[in-house]
Amino acid sequence: MSDLLRLDAVEAFYGRTQALFGIGLSVREGGISTILGANGAGKTSTLRAICGMLKVRGDIRLDGQPVAGLPPEEIARRGVGHVPDGRGTFLELTVEENLRLGGYLLPGRQAVETAMERAFHYFPRLKERMTQQAGTLSGGEQQMLAIARALMMNPRLMLLDEPSFGLAPLIVQDIFAIMRRINTEERVSILLVEQNAGLALQLAQEAFLLESGKVVASGAAADLARDESIRRAYLGH
Ligand code: ATP
């Protein structure tokens, strides 16, 4: 399997503040990679760097093509869907309006309807709540809407920033099961940022551990899950 996404020596900046110090990581075509790390390690910044939201140095390649420095809209157009932390849905708009906005780059009405049906196939609960304001959805439903919105663009790669945040364990299990289906049925590759390391290491094939804006460990998710020091620091046992 070849790499769909590859970062080499990536540095990223908020104005003059440097957040990433030479990140290297990859996501295989059709694969799931996860980024683990404590608060402030640079996980969110890594996703923002990929999406074109931060000033970056170094090499970011999507399917072998350099994308570092391209504007966010161009990166979205090339097939990268971002589900940001805090979810990024428009709370005052309805479920349907949020989904239509997610499909704004699609070519024509039929493409939007097809993408919407696909989103409802994975998230039938959203279909029942189509006319409801996003702000009145439960936390789990809002997370589903955020993922469904990113799915509207037919992405090749989805970047998910802490989808489990603030949600009850049963809802988190549901959402992870749907992510797994989207990965296998649609062949959408995934880069997942998670505080819940146990869950992330179950879903992903490859893992990258960040500390202070650097990758300090990486490898097969199953190997990291067995590593004594990682177990103690991130899995709590
Ligand atoms: P968390 O799990 O707490 O979200 P994280 O691993 O996602 O943490 P980042 O949010 O990427 O970490 O933060 C990495 C570094 O970048 C931190 O030192 C943080 O203070 C800095 N940083 C993040 N956002 C900004 C910003 N908007 N302006 C300046 N510095 C920032």
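The values are calculated or read from the model by the stated rules, or taken from the named source; none is laboratory data. Not measured: the values here are computed from a predicted model. Neighbour counts run over all protein chains shown; Cβ positions are idealised from the backbone, glycine included.
Matching residues to (1) modelled with pLDDT under 95; (2) farther than 16 Å from Leu160 by Cβ:
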| position | (1), (2) |
| --- | --- |
| Ile23 | no, yes |
| Ser33 | no, no |
| Asn39 | yes, yes |
| Gly58 | no, yes |
| Leu91 | yes, yes |
| Thr94 | no, yes |
| Leu99 | no, yes |
| Gly102 | yes, no |
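The residues on offer are Leu151, Leu201, and the sole one that is crowded, with 22+ Cβ neighbours inside 10 Å and under 17 Å from Thr89 (Cα atoms) is Leu151.
Candidates Arg48, Arg77, Arg87: the one that is away from the ligand (no atom under 14 Å from the Cβ) and of a type outside the set (Ser, Thr, Tyr) is Arg77. For beta carbons closer than 7 Å, sequence separation of 6+ or different chains, a first residue in the stretch 18-39 that is closer than 19 Å to Leu199 by Cα and in contact (Cβ under 8 Å) with a residue 24 or more places away in the chain and a second that is of a type in the set (Val, Ile, Thr) and away from the ligand (no atom under 11 Å from the Cβ), the qualifying pairs are Ile32/Ile190; Ser33/Val27. All of Ala19, Ala49 fail the test of being in contact with a Ser or Thr (Cβ under 7 Å, 6 or more places away or on another chain) and not in a loop (DSSP other than H, G, I, E, B), apart from Ala19. Name the single residue that is farthest from the ligand (Cβ to nearest atom) among those in the stretch 190-203 being under 14 Å from Arg226 (Cα atoms) and in contact with a strand residue (DSSP E or B) (Cβ under 8 Å, 6 or more places away or on another chain). Filtering the stretch 190-203 for residues that are under 14 Å from Arg226 (Cα atoms) and in contact with a strand residue (DSSP E or B) (Cβ under 8 Å, 6 or more places away or on another chain), the one farthest from the ligand (Cβ to nearest atom) comes out as Leu201. Applying a threshold of 7 Å to beta carbon distances and a minimum spacing of six or more residues, or different chains, the list of pairs starting in the stretch 86-115 at a residue that is in a loop (DSSP other than H, G, I, E, B) and ending at one that is loosely packed, with under 14 Cβ neighbours inside 10 Å and among the charged types (D, E, K, R) reads Leu105/Arg77.
Screening Ala76 against (1) in contact with a Pro (Cβ under 9 Å, 6 or more places away or on another chain); (2) modelled with pLDDT of 95 or more; (3) not in a loop (DSSP other than H, G, I, E, B); (4) not aromatic (Phe, Trp, Tyr) leaves a single unmet condition, (2).
Looking across the stretch 25-44 at every residue that is away from the ligand (no atom under 13 Å from the Cβ) and assigned to a strand (DSSP E or B), the one that is farthest from Val10 (Cα to Cα) is identified as Ile32. All conditions in (1) under 15 Å from the mean Cα position of the chain (by Cα); (2) buried (at least 16 other Cβ atoms within 10 Å of the Cβ) hold for Gly213, with the sole exception of (1). Mind listing whichever residues of the stretch 156-172 are aliphatic (A, V, I, L, M) and free of Cβ contacts under 8 Å to residues at least 40 places away in the same chain? Those that are aliphatic (A, V, I, L, M) and free of Cβ contacts under 8 Å to residues at least 40 places away in the same chain: Leu167, Ala168, Leu170, Ile171, Val172. Taking the stretch 61-73 as the range and being over 17 Å from the mean Cα position of the chain (by Cα) and either closer than 22 Å to Pro107 by Cα or assigned to a helix (DSSP H, G or I) (or both) as the test, the residues that pass are Leu70, Pro71.
Go through the stretch 93-132 and report how many residues are among the charged types (D, E, K, R) and within 22 Å of the chain's Cα centre (by Cα). Residues meeting the conditions: 6.
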